[in-house]
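Structure first, commentary second.
Here, each number is a calculation from the coordinates, and none is a lab measurement. The structure displayed is predicted, hence computed values, not measured ones. Methodologically, a virtual Cβ is constructed for each residue, glycine included, from the backbone with ideal geometry; neighbour enumeration extends over all protein chains shown.
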């Protein structure tokens, strides 16, 4: 079986675009993957176009062979968008191999350890604050936050994750200086942010009740001093974990050693070499692995490395339905799985883009046993929603 064509497709996904990779063969089988260019990663499509030259016209390679060859050819620029392009191709190859054998991808990743995956409602209430045009009802104040906590509980979810927002300066808005929104490169944490974060968590707890696990994502929005200030300010709250992005394992280990809450991190890292220092420094309680970026095959190796260091893993998953299925096929095979991220707020046209959509029961995702990832994109539906130019990069908020 030879690969005859590698094609990329994209479509409108509201505030961003969805991106897909289609890998065709001379035997009529098609492998799919979903990737992303909207989380600080412009250029992944160009990488895919270059690397696909290693595949077209050749027999379908094994995942290990492809990764070794592609890594060797891109070694001077390993990581970043190069690694994301490799991950997209690897994931399509895995889907292709599984379909050729008429088995789910999890069968090629070691087999299922569990049939259901506990999930948490991510970006609660972020999407309704940041993008009310696509996700409603709009949340503009703390009453709306409180109502979202109650909604998560009523819909059977047992965990939710919030971000940082400002509520006392007109309608609520996201505080994301780590992504230049607003552009405050010094990343200082002032008293107003502390006060607003405390109020947000208290409102979520009021709405969600005492049995809801609340997760907090601080992203890249502070430096060591600021993270510690925020952690001290919420020390009396019951927090499942605090998510912190840092490229310094030493700094993160210092934060963890002074934190009253568990620390999760690593969602922006690539490959075992980048994860290893965080495990060696005991910098994380939970390692977040992006299967979309790393590829499921390499992500499985990262999970094993984490397990050796007594660390559990959680998939990074805030993309389309295909990515959710890809993450599920990985997570169900991992003994040291903690919990899975999922976005419950969806676009009006999300479900029509795929042959199957994720099934949730009592706050858990049911792992499908259909061949491959368990769903395929529908090309006609994708083409019916043309992509936006430049869709996805976070738009700056003017400095006040």
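Which percentage, to the nearest 5, of the DSSP beta bridges contained in the range 108-377 is antiparallel? Before the final figure, lay out each step's value.
Working: 9 of 30 bridges.
That works out to approximately 30 percent antiparallel.
Can you tell me the convex hull volume per residue for the range 44-83, based on C-alpha atoms, in Å³ to the nearest whole number? List each step's numbers first, then the result.
Working: hull volume 2.6 nm³, N = 40.
Once divided by residue count, the hull of the range 44-83 is 66 Å³.
How far, in nm, would the chain grow between residue 195 and residue 282 when pulled straight, counting 0.36 nm per residue and subtracting the alpha carbon separation?
Values: separation 87, 0.36 × 87 = 31.32 nm, distance 3.01 nm.
In short, 28.3 nm is gained.
Give me the one-decimal Kirkwood hydrodynamic radius in Å for the range 267-316, with the sum taken over alpha-carbon pairs.
10.4 Å
Starting from the 7 Å offset along Cα-to-Cβ, what nm value, one decimal, do you get for the label separation of residue 173 and residue 113?
The two pseudo-label positions are separated by 4.3 nm.
Using label points projected 7 Å from each Cα along Cα→Cβ, tell me how many nm separate residue 26 and residue 273, to one decimal.
3.5 nm
How much length would be gained if the chain were fully extended between residue 223 and residue 351, taking 0.36 nm per residue of separation minus their Cα-Cα distance, in nm to one decimal?
Stretched out fully, the residue 223 to residue 351 stretch lengthens by 42.2 nm.
Using C-alpha positions alone, give me the convex hull volume of the range 3-102 per residue in cubic angstrom. Kindly include the intermediate steps, with their values, before the conclusion.
Numbers: hull volume 9.1 nm³, N = 100.
Measuring per residue, one finds 91 Å³ for the Cα hull of the range 3-102.
Compute the angle between helix 224-233 and the longest alpha-carbon principal axis of the chain, please, reported from 0 to 90 degrees and rounded to the nearest 10.
Long axis of 224-233 versus the principal axis of the chain: about 60 degrees.
Can you give me the P(r) profile for the range 302-400? Cα pairs, bins 10 angstrom wide beginning at 0, each as a whole percent.
13, 36, 29, 17, 4, 0
Mind checking the angle between helix 191-208 and the chain's longest principal axis? C-alpha axes, 0 to 90 degrees, to the nearest 10.
70 degrees
Please list, in order, the residues from the range 271-294 whose amide nitrogen is less than 16 Å from a point placed 7 Å along the Cα→Cβ vector of residue 309.
271-290
Need one number: the % of Cα-Cα pairs in the chain sitting beyond the 32 Å mark. Could you put the intermediate results ahead of the total?
Details: 25432 of 79800 pairs.
Result for the distance tail: 32 percent.
Please tell me the relative contact order of the range 3-102 in percent, rounded to the nearest whole number, where contacts are Cα pairs under 8 Å and at least six residues apart.
On the way: 144 pairs, mean separation 31.8, N = 100.
Reported relative contact order: 32 percent.
Rg (Å, one decimal) plus Dmax (Å, integer) for the alpha carbons of the range 260-353?
Values for the range 260-353 (Cα only, Rg and Dmax): 13.6, 45 Å.
Mind listing the Cα extents of the range 141-182 along all three principal axes, in Å, largest one first?
Dimensions of the range 141-182 along the principal axes of its Cα atoms: 35, 21, 8 Å.
Rounded to the nearest 10 degrees, what's the angle between the helix 271-280 long axis and the longest principal axis of the chain, both from Cα atoms, 0 to 90?
Relative to the chain, helix 271-280 is tipped by roughly 40 degrees.
Would you calculate, for the chain, the mean residue ellipticity at 222 nm contributed by helices, counting each DSSP H stretch of 4 or more residues as -39,500 (n - 2.57) and dividing by all residues, to the nearest 500?
Numbers: 14 runs with 144 residues, N = 400.
After summing the helix terms and dividing by residue count, I get -10500 deg cm²/dmol.
Would you mind computing, in nm to one decimal, how far apart the modelled labels at residue 46 and residue 235 are, each placed 7 Å from Cα along Cα→Cβ?
In this crude label model, residue 46 to residue 235 measures out at 4.8 nm.
Nearest 0.05, what FRET efficiency do residue 180 and residue 378 give at R0 = 25 Å with Cβ-Cβ as r?
Details: r = 35 Å, r/R0 = 1.41.
With R0 = 25 Å, the Cβ-Cβ based efficiency is 0.10.
How far is the Cα center of the range 178-211 from the Cα center of the range 128-163, in Å?
15 Å
Can you tell me how much longer the chain between residue 100 and residue 54 gets when fully stretched, taken as 0.36 nm per residue apart minus their C-alpha distance, in nm with one decimal?
Working: separation 46, 0.36 × 46 = 16.56 nm, distance 2.05 nm.
Full extension from residue 100 to residue 54 adds 14.5 nm.
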